[in-house]
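Here the structure comes first, spelled out in C-alpha cells, and everything after it is commentary.
We did not get these values from a lab; they are worked out from the coordinates using the rules stated. Predicted model only: the values in this text are computed from it and were never measured. Every residue, glycine among them, receives a Cβ derived from its backbone with ideal geometry; neighbour counts consider all protein chains shown.
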Amino acid sequence: MSFDPKAGPDVLISEVGPRDGLQSVKATMPTEHKKRWISALHDAGIREIEVASFVPAKLLPQMADAEEVVRHALTLPGLTVMALVPNLRGAEAALAAGVHKVTIPVSASEAHSLANVRKTREQMIDTVREIVALRNRTAPGVKIEAGISTAFGCTIQGLVAEDDVIRMAAWCAAAGVDDCGLSDTTGYANPAQVRRLFRRMRSEIGEKAGAAHMHNTRGLGLANCLAAFEEGVRVFDSSLGGLGGCPYAPGASGNVVTEDLVFMFEAMGVRTGIDIDRLIAAREPLKAGLPGEPLYGMTPEAGLPKGFQQGVSHVS
Ligand code: ZN
C-alpha cells in the first residue's frame, strides 16, 4: 500500500462521543462543556462529529440542548455537523437547526426495532422515506445516512439473520438515503462476520455502502474496524475515551476508542488527518464536563511508542 503525502486523509474518523457516548451515561454534560469538547475535537483535526440526537428531552435529557450544540458546531470551519434523528419530527428539528448530515437508526432486528423506536422494520423504512422526502423538499444539500443497528446481533432476540441486515440496507438505499452503515450496537461482532457483511452490503448497494460503527464491549472493536478497512470501508465511527458503556454491564466499554483507532491507522501509514497529541488533549474538556466518568483507551495510557512519527508511512 502506498500513499501520496500530499493527498488528504485516507480514512474519515467520525466522532460519535457527543451523541452515542453522552446519551449512554447517566450524567448530563453542561452545554458549555459540550461546546468546548467539540471545539477541541475539531482542533485535533476531526472533520465529522455526531454532535447530538434530536429526541424529546423527556426521553433523553442529555440531549435537550441539541439545537444550541449544533449552532456552535456550525461555526467550526470544515466540520461536517451530524445529528441522529429517529423520526420525522426529529428530522424536522435537525434540518431547521442547519445540520449537514443526519443519521437514522434502522434496526435489523425486529425485536430491537419495536423496543427502540416502537415501529416494525417496515414501518421504519416508511419513516426513512418520509425523511428523505422532507430533505428533498426543504434541505436538498443535507446528506442522509441509515445506520443499520443490531447488524451483528441483538441483546433481545439474539441472532440476527445476515439476510435481514442486507435486506434492510437495500431497502434504505432504495428509499433514497445517501449511504448506509452497519452498527454493532451490542458489541457482538467478530472480524469474519464484519468482512462478510460489508462485502455483501457492497455487492448489494455499491457506493452507498458506508461506515463501520463498532463497539468495544468484548474487546474486538479495533479488530472489527481493521476487518472493515480491509473490506474497503473508509469511514469509521468512534468515541473519544470510548465513552459510552452500558448501565447494565458494569465495566463494559462503549464505542471503539478514537485515540486507539487513530493510532492504529497512523501506525499503519493510513492517514486520518488527526493529530494524536491534540486528540489526547481533547480528553480534558471531556473529563471536566463529566467528572468521575470512566474513560477508556490504551494509547492515552501508554503514550506513543518511542520514535513514533505521525504522518510518516510505516509501510515499507
Ligand atoms: Zn453506537
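Mind giving me the nanometre distance, one decimal, between the label points for MET298 and ASN190, set 7 Å out from Cα along Cα→Cβ?
Result for the modelled spin labels: 1.9 nm.
Full extension from ALA57 to GLU122: what is 0.36 nm times the residue separation minus their Cα-Cα distance, to one decimal in nm? Provide the component values of the computation, followed by the final result.
Values: separation 65, 0.36 × 65 = 23.40 nm, distance 2.64 nm.
Once the chain is fully extended between ALA57 and GLU122, it gains 20.8 nm.
Taking all pairs of distinct Cα atoms, average 1/r, flip it, and tell me the Kirkwood hydrodynamic radius of the stretch 12-302 in Å to one decimal place. Provide the component values of the computation, followed by the final result.
Values: mean 1/r = 0.0537 Å⁻¹.
So the Kirkwood estimate lands at 18.6 Å.
Around GLY45, under 13 Å between beta carbons, what's the net of Lys plus Arg minus Asp minus Glu among the other residues? Can you show the working numbers first?
Numbers: positive: ARG47, ARG271, ARG278; negative: GLU15, ASP43, GLU48, GLU259, GLU266, ASP275, ASP277.
So the surrounding residues net to -4.
Quick one: order MET124, MET268 by neighbouring beta-carbon count within 10 Å, fewest to most. Walk me through the intermediate numbers first.
Values: MET124 26, MET268 15.
Least crowded to most crowded, the residues run MET268, MET124.
For the residues SER53, SER109, what sequence is obtained by ranking on other C-beta atoms within 10 Å, fewest first? Each step should come with its number before you reach the end.
Numbers: SER53 24, SER109 28.
Taking fewest neighbouring Cβ atoms as first place, the list is SER53, SER109.
Dividing the convex hull volume of the alpha carbon atoms of the stretch 53-181 by its residue count, what do you get in Å³ per residue?
Numbers: hull volume 13.3 nm³, N = 129.
Residue-normalised Cα hull volume stands at 103 Å³.
Using modelled amide H (1.01 Å from N, peptide plane; none on Pro or chain starts), what sits under 5 Å from the amide H of LEU84, excluding residues fewer than 5 places away?
ALA52, SER53, PHE54, THR103
I'd like the distance between the alpha-carbon centres of the stretch 130-181 and the stretch 199-236, rounded to an integer number of Å.
After rounding, the separation between the Cα centres reads 15 Å.
What number of lysine-lysine pairs in the stretch 12-302 show an alpha-carbon separation below 30 angstrom, given a sequence spacing of 8 or more or placement on distinct chains?
Pairs that pass both the separation and distance tests number 25.
Gap in Å between the Cα centre of the stretch 6-80 and the Cα centre of the stretch 81-98?
What the calculation gives is 14 Å, centre to centre.
What's the exposure ranking of LEU197, LEU295, LEU304, going from fewest to most Cβ atoms within 10 Å? Before the final figure, lay out the partial values.
Values: LEU197 25, LEU295 19, LEU304 16.
Lowest count first: LEU304, LEU295, LEU197.
Residues with beta-carbon under 12 Å from that of TYR296, excluding TYR296: net charge, scoring Lys, Arg +1 and Asp, Glu -1?
It works out to a net charge of -3.
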